[in-house]
Amino acid sequence: MNMKQRRRRRQVIMILAPVSVIISALLGIMIGAVPIALPDIWHALTSPVQSPTDTIVFDLRLPRVLIGLLTGACLAVSGAILQGVMRNPLADPGVIGVSSGAGLAAVITMVILPQFSYLLPAAAFAGAFISSIIIYFLSWDRGASPVKIVLAGIALNALLGAVMNGIMVMYSDRIQSVLPWLSGGLNGRSWHHLSFMLPYALVGLIVSILAIKPANLLLLGDNSAKLLGQKVELQRLLLILLSSLLAGTAVSVAGLIGFVGLVVPHAVRLLIGDDYRYLLPVSMLGGAALVTLADTAARTVFDPVELPVGILLACLGAPFFLYLLKNRSNWR
Amino acid sequence: MTAAETNNLTLERGMFKLMNVNAVIPKGKMTAIIGPNGSGKSTLLSLMTGLSDADEGTVTIQGKPLDNYSRSEFARVVSMLPQSKEQMPNITVKEFIEYGRAPYQPFFKQRLSEEDQRIVDWAMRTMRILRHEDRMFHTLSGGEQQKVRIAMALAQRTDLLLLDEPTTYLDIAHQLEVLDALTVLNRQKSTTIVMVLHDLQQAAAYCDHLIAMKDGEIHSAGSPKDILTRQLLREVYEVEAKVSFEGHYPIIIPKRKTIEEETTMLIVTNTSQIVKGSGEKLIERFDRIGQVERMEGFLGLEVLFTQNISEYDEVSIVTRWTSREAFQGWTKSEAFRESHQHRKTPDYILNNKITFQEVRIKRNPITDEDNAQIADTETA
């Protein structure tokens with residue numbers, strides 16, 4: 001493929017990505033038990049008088065779609081950054097235990113310290129960060145070795161899962177409120193949840209734009225990045241913090257959703273390469289579109305049963321993960 | 001004037017040691033660091049660029065201690081080509097070289113200024129890779145990739161350029177291309193160049209200054225003609241060689257290491273005392289015992305016949321074998337069994353004794369002639 005074709009492909013994808021976000025958002029609002037036509041959406045958003053359709057659009061579908069978009073964007077960017085920082089293609093917040101860390105912190109907050117539940121995203125962030133640091137130290141050796149990172153992830157996931165289950169058994173009287181969250185979906189998410197995650201998500205996503213250059217330079221390897229004047233250790237720490245913030249934010253509202261951070265950045269890499277200037281924004285938009293579309297499918301395809309979106313995404317992501325494990329584990 | 005100096009640089013990592021290294025890099029010159037694998041060449045470079053920290057000692061770059069540089073300030077003064085162990089990202093040649101401008105950009109900005117653009121073009125021209133600018137890095141050959149990596153270091157526009165084995169794994173055409181391009185850079189921009197080289201002839205031909213390292217210490221330093229001697233090859237590489245210069249180009253003819261060949265041999269002596277005058281009969285009989293000369297590991301056979309010692313004669317049959325196993329192989333062979341079957345020991349044999357002797361043989365494949373030749377060149 002020559003440069004001209006590559007450039008054109010990049011341009012096409014940079015245009016298609018936002019378009020796909022808009023389309024998936026519209027589909028997410030239109031499709032459901034009560035189908036909604038395009039003009040009705042416009043009516044719901046602009047008219048001061050509330051019809052029943054408006055209520056469905058405004059109170060049910062719109063916040064859910066917006067949360068889906070933010071969750072997907074956060075998870076995909078978190079994965080894209082983690083893969084660069086760990087120099088490892090298998091790094092995904094769900095796979096390596098970062099999401100579990102966030103989840104445990106969230107469960108502790110909701111079950112043991114419900115009076116602090118307004119701090120849920122912050123707690124999830126802290127949990128994600130601690131998990132990332134543990135994984136980083138366990139698997140790092142001039143780049144996180146793919147085998148080590150997966151094994152460490154399995155162990156950490158198991159440990160955190162055990163603690164989480166233990167807490168839920170001990171506080172079984174209180175877990176009713178936690179259950180819908182735990183299943184990893186967007187069912188019943190409302191404006192309240194959106195306002196909850198929005199500041200964290202916005203900060204994370206905006207700051208991630210600043211992470212593009214350091215992430216690119218880290219791809220050259222630690223020594224090369226240092227020789228190009230980068231403070232590698234500091235940058236790596238900040239990037240881990242950032243990806244933890246994003247993963248924690250997503251987990252605090254949507255529960256444990258895996259593989260988005262793996263599937264989306266890799267699909268984007270295959271299309272336009274490793275350069276974070278394109279990889280990061282396209283992953284962000286692609287993640288947003290994917291989770292929203294998947295959620296729409298999850299709540300309608302098996303109607304009247306509503307699947308948690310995490311299940312659908314796992315069905316999609318797990319085979320992809322196995323494919324990567326087989327074909328690209330020699331990446332570093 | 002020195003571009004860089006190290007002062008009593010010491011580093012200990014397990015078995016590996018760097019001891020009191022006082023290296024001086026002359027400004028505006030090309031310096032080669034030579035020495036056997038594991039002698040500390042790469043370690044010295046990584047200490048000089050702050051990639052690792054010394055236990056003791058200091059590094060001074062352009063008159064200023066290394067510790068007083070910030071990472072990005074340092075990256076505008078010194079660039080280095082590390083050994084290529086890292087997997088490179090999937091980007092184009094030009095994008096790759098553009099990373100060389102990172103030390104001049106604010107930490108989040110990646111867009112190039114016009115000057116950046118001009119310098120990136122210059123770096124590609126200097127390394128003669130302009131025609132590849134839009135190709136993907138990983139589609140290039142090893143030699144071209146190396147030139148791209150060097151071009152990235154050039155794009156940093158530093159006064160000091162360090163290269164860790166820039167020519168290793170390249171074919172000779174690419175090696176010379178790389179070295180010529182570096183020479184041009186040195187002449188045109190008076191860039192100080194320091195490189196680890198394994199090819200002594202290239203080191204001497206292209207560089208003004210050599211630093212020879214051995215076991216984590218500097219063995220000697222100076223101009224190629226002073227440094228590159230028969231003595232250096234012997235002391236640093238433990239290689240005996242004939243060294244002469246043709247202009248700037250040294251000619252090194254190594255002498256093969258004197259490896260002592262050691263082999264063993266088994267001598268089997270079968271001595272029979274026989275009735276006087278019956279020797280002919282025994283030898284005739286022996287003639288019919290078969291086919292020993294066809295056995296593997298058989299080296300030779302002698303028959304000794306002694307008469308008139310006293311009241312008996314003596315016949316010794318001596319066979320020589322490469323090993324005991326070879327001899328045993330014969331005694332187990334079909335031919336041996338056949339010849340010894342259905343046969344009684346004739347009554348003229350009075351006494352029979354077999355002795356085994358194992359002999360060790362050392363051979364030295366280098367003849368005295370070779371040694372004489374080398375001695376000649378030394379006195380010449």
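Summary table
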{"read-out": "Subset tally (residues that are more than 22 Å from A:GLU233 (Cβ to Cβ), more than 10 Å from chain A (Cβ to nearest Cβ) and crowded, with 16+ Cβ neighbours inside 10 Å) for the stretch B:53-92", "value": "3"}
{"read-out": "Flag for A:ALA318 being aliphatic (A, V, I, L, M), surrounded by fewer than 18 Cβ atoms within 10 Å (Cβ to Cβ) and closer than 30 Å to A:ILE212 by Cα", "value": "yes"}
{"read-out": "Among (1) more than 8 Å from chain A (Cβ to nearest Cβ); (2) surrounded by fewer than 22 Cβ atoms within 10 Å (Cβ to Cβ); (3) touching a residue at least 12 places away in the same chain (Cβ under 8 Å); (4) closer than 21 Å to B:LEU163 by Cβ - the single one B:ILE34 does not satisfy", "value": "(2)"}
{"read-out": "Residue in the stretch B:155-165 that is closer than 14 Å to B:SER84 by Cβ, in the same structural domain as B:LYS41 (by TED's automatic domain parsing) and assigned to a helix (DSSP H, G or I) present", "value": "no"}
{"read-out": "Tally of residues being closer than 21 Å to B:MET195 by Cβ and touching a Lys or Arg at 6+ places or on another chain (Cβ under 6 Å) across the stretch B:211-242", "value": "3"}
{"read-out": "Residue that is over 28 Å from the mean Cα position of the chain (by Cα), at pLDDT 95 or above and surrounded by 20 or more Cβ atoms within 10 Å (Cβ to Cβ), where the choices are B:ILE129, B:ILE119", "value": "B:ILE119"}
{"read-out": "Qualifying residues in the stretch A:173-227 (those that are outside any helix (DSSP H, G or I) and among the small types (Gly, Ala, Ser)) - the one surrounded by the fewest Cβ atoms within 10 Å (Cβ to Cβ)", "value": "A:GLY188"}
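A quick yes/no check of all residues on (1) within 14 Å of chain B (Cβ to nearest Cβ); (2) of a type in the set (Asp, Glu); (3) in contact with a helix residue (DSSP H, G or I) (Cβ under 8 Å, 6 or more places away or on another chain); (4) closer than 23 Å to A:LEU316 by Cβ:
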| residue | (1), (2), (3), (4) |
| --- | --- |
| A:LEU218 | yes, no, yes, no |
| A:GLY229 | yes, no, yes, no |
| A:ARG236 | yes, no, yes, no |
| A:LEU246 | no, no, yes, yes |
| A:VAL251 | no, no, yes, yes |
| A:ALA254 | no, no, yes, yes |
| A:LEU271 | yes, no, yes, yes |
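The values are calculated or read from the model by the stated rules, or taken from the named source; none is laboratory data. Bear in mind the structure is a predicted one, so any value in this text is a computation, not a measurement. Cβ sites come from the backbone with ideal geometry, for glycine too, and all protein chains shown count toward neighbours.
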